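The values are calculated or read from the model by the stated rules, or taken from the named source; none is laboratory data. This one's a predicted model, so the numbers in the text were calculated from it and none came from an experiment. Note that each Cβ is placed from the backbone with ideal geometry, even for glycine, and that neighbours are counted across all protein chains shown.
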Amino acid sequence: MMRLFARKKDAPQELDEKGEFSEEQRTPSTLELTHVGPYEIIAPIGSGGMGTVYKAIDRKRDQLVAIKVLDRRYDLDKKRRKQDYLGREVLIAASLEHPSIIRMHKEIVEQEDSNGNVRRCLVMELVDGHNLRKHIKDRDLSMNQMVDLTIRLCNGLDFLHQHGIVHRDIKPENFLFSRDMRKVKIVDFGLSKSNASWRTRWMREGGGTRRYMSPEQLSKKKLDARSDIFSLGITLYELFAGKHPCDGQDSREIMRQIRSSKYKFEPPSKHNPEIPRQIDQIILKALRRRPERRYQSVTEMLLDLSRVSASRI
């Protein structure tokens, strides 16, 4: 494992209420790290529950990358350290090679931050664009584009499942797109579980983002690929309809609605009349609460999506 150190500087500033950095904050004096190995940190890209992702460059090779810096809480907290989210992400990524899966370097770099704390960093492919949340919010995709993106994302998720990996945190923020939309990537395997690895096989079924969890994940039951399919169903509902399938006012109410069979998911077309009936059926089948009544694999889902031709849209 590499262990490299950067010079000390001023303490980093915080993200704003939207989880973003202001233009004034996008300067070297506010970054928690200046370098990670041969890479010079340029600017923060975004921040999530497990850390911050930065854009960086290796000037000798003129290579741009993204670098995830794990939040210190995951090293300071013994329970979180034991779960080793970053190590799990490297372990999962080492076995994956697919156009719709983010590429990662297969080692963790330890780097001293501006306050003298050793931080763990993961170097990965840079996708210089946006996540799916932006497109859901902006409503800037045509029906053809949404169907095409859905098929490409399903191909990537199907690849994961065929390699025995359950992602466990499928949501719009974990689907990245290049600015020209040619690249579509599934990211963030810190919560993923691989049947092929003893390091993740006995992992607890918690973690994830509650408003995208399957009923069985909310109940902390044993999970398989069908749980990801439910989470994908919620994500696709938002993509096509522009809103979450639940109308709860807070996370607690949304979780109750996800679990309860008394709450009926409306067809996405009720919120967007342009949505074909076949897309309604596909999304609602993915959202069936009982796993045995859902799609049993993403392969099945792709077969139905292949029948939604451009001529019908």
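Would you check if R119 is of a type in the set (D, E, K, R), exposed (fewer than 13 other Cβ atoms within 10 Å of the Cβ), at pLDDT 85 or above and not in a helix (DSSP H, G or I)? Answer is no for this residue. Taking the stretch 230-313 and the helices (runs of 4 or more DSSP H) fully enclosed by it, the elements with 2 or more residues that are under 23 Å from R210 (Cα atoms) and modelled with pLDDT of 95 or more are at 251-259, 277-286.
Go over the candidates S227, S219 one by one and state the one that is at pLDDT 95 or above and farther than 16 Å from V147 by Cβ.
Working: S219 fails: at pLDDT 95 or above.
Selected residue: S227, the only one of S227, S219 that is at pLDDT 95 or above and farther than 16 Å from V147 by Cβ.
Applying the set (1) over 19 Å from H130 (Cα atoms); (2) modelled with pLDDT under 80 to G48 leaves exactly one unmet item: (1).
Just give me the residues in the stretch 166-175 being in a strand (DSSP E or B) and within 8 Å of the chain's Cα centre (by Cα), in sequence order. Once the filter is applied, which keeps residues that are in a strand (DSSP E or B) and within 8 Å of the chain's Cα centre (by Cα), the stretch 166-175 yields only F175. Scanning the stretch 130-145 for residues that are more than 17 Å from Y212 (Cα to Cα) and crowded, with 19+ Cβ neighbours inside 10 Å yields a single hit, H135. Where residues in the stretch 270-313 are of a type in the set (S, T, Y) and touching a residue at least 24 places away in the same chain (Cβ under 8 Å), which of them is farthest from L223 (Cα to Cα)? Among residues in the stretch 270-313 that are of a type in the set (S, T, Y) and touching a residue at least 24 places away in the same chain (Cβ under 8 Å), the one farthest from L223 (Cα to Cα) is S306.
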